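This report concerns only the one structure given below.
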Amino acid sequence: MKILILEDEIPAYQKLTKCLDTFFDIKISQDWARSITDGKKLLVENSYDFILSDIQLLDGLSFDLFNSIDVKAPIIFCSAHDDYLFQAFNTNGIAYILKPYSQNDFDKAILKYQALFKKGNYNTLNNHTIDALKSALQEENNNYKKRFVIKKATGIQLLNAIDIALITASGDFCLVNDKDGKRHSISQNLGSIHQQLNPKKFFKINRSEIVNIDFIENIESHFKNRLLISIKNHKEKVMTSSSTTSDFRKWLEN
């Protein structure tokens, strides 16, 4: 068995190799690349059983690599960000491991790979999986978070999700600006909150901020393909990252 690891951070690469050694009881041949340039060279010259790939490499997003050549191998994405879920499953992606992941998370992804290929129906099953995933993520249903419990010195308050204008990461918790410009604290990290919110209403514009479309007052162009966003009752403008701007524009139109 031969695999390719696309990971720009050395500690993250070392963790992947450790997880591989723990899961497999046979010797695994592996190549490693930290950039799109090096990864492309390896993919052109070699064939792999599967690929373990981070999203952000030294010289860009791994999607740029997968879109530039015909990649035959299935891909297991390992990323610290959930912004790229749709893009991942529009490639040969079969699993998406969110960092920091456990050995158990890793094992589940490899078991999924083995199950798909053992049955010999990877292409058909993967297409159905992609369609089902997109439908589930895009469909508005009753499973999205309706309200959050806010702990105050005076007691517990309830904050409706529809009244949240802006969410900002602050370590292991988040600061939330409501419709009146008041700020609250929620004892959850940004990734956890993001997964609970309706994607038609809320968008993660960068690594640390989520905006509610109903409170966007103005959008203006900024340098390096970024956008400045004015939020109702919030003095400071927030900004998209260069990697999320394109998806943010599409999100606004849907």
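Details
- The relative contact order of the stretch 150-254, computed from alpha carbon pairs under 8 Å that lie at least 6 residues apart in sequence, is 20 percent.
- Straight-line cross-link partners of K182 among the lysines, defined as a Cα under 25 Å from its Cα and at least 8 positions apart when in the same chain: K145, K146, K151, K152, K200, K201, K204, K232, K235, K237.
- Debye, to nearest 20: dipole size of the chain, +1 on Lys, Arg Cβ, -1 on Asp, Glu Cβ: 640 debye
- Simple spin-label estimate for N160 and E9 gives 3.9 nm between the two label positions (7 Å along the Cα-to-Cβ direction from each Cα).
- Ordered from largest to smallest accessible area (heavy atoms of protein chains, 1.4 Å probe), the residues R207, R183 come out as R207, R183.
- Exposed GluC sites (Glu not before Pro) absent: longest stretch of the chain, with sites in DSSP loops and at most 16 other Cβ within 10 Å deemed exposed: 10-138
- On the basis of the beta-carbon distance and an R0 of 30 Å, L61 and K232 show a calculated FRET efficiency of 0.40.
- When both the stretch 34-85 and the stretch 239-254 are represented by their alpha-carbon centers, they are found 22 Å apart.
- For the stretch 208-216, 3J(HN,Hα) per residue [Karplus equation, 6.51 cos²θ - 1.76 cosθ + 1.60, θ = phi - 60°, Hz, x = Gly/Pro]: 10, 9, 10, 10, 9, 4, 6, 10, 7
- Longest exposed-site-free window of the chain, the sites being chymotrypsin sites (Phe, Trp or Tyr not before Pro) in a DSSP loop that have at most 16 other C-beta atoms within 10 Å: 25-143
- Each label point was placed 7 Å from the Cα along the Cα-to-Cβ direction; for Q196 and K179 their separation is 2.0 nm.
- Where the chain is the region considered: accessible area per residue in Å², 1.4 Å probe: 55 Å²
- The fraction of accessible area contributed by carbon and sulfur in the chain is 48 percent, rounded to a whole number (1.4 Å probe; ligands and nucleic acids excluded).
- Mean separation of Cα contacts under 8 Å (6+ apart) over length of the chain, as relative contact order %: 10 percent
- Computed from Cα positions, the angle between helix 122-138 and the longest principal axis of the chain comes to roughly 0 degrees.
- On Cα atoms only, tilt of 103-118 relative to the major axis of the chain in degrees: 50 degrees
- Relative contact order (%) - the stretch 11-70, alpha-carbon pairs under 8 angstrom, separation at least six: 31 percent
The values are calculated or read from the model by the stated rules, or taken from the named source; none is laboratory data. On a predicted model such as this, the values are computed, not experimentally measured, just so you know. Counting neighbours? That spans all protein chains shown, and the Cβs are built from the backbone with ideal geometry, glycine included. Please note that ligands, DNA and RNA were not included when accessible areas were found on the heavy atoms of the full protein model with its side chains. Shrake-Rupley method; radii C 1.70, N 1.55, O 1.52, S 1.80 Å.
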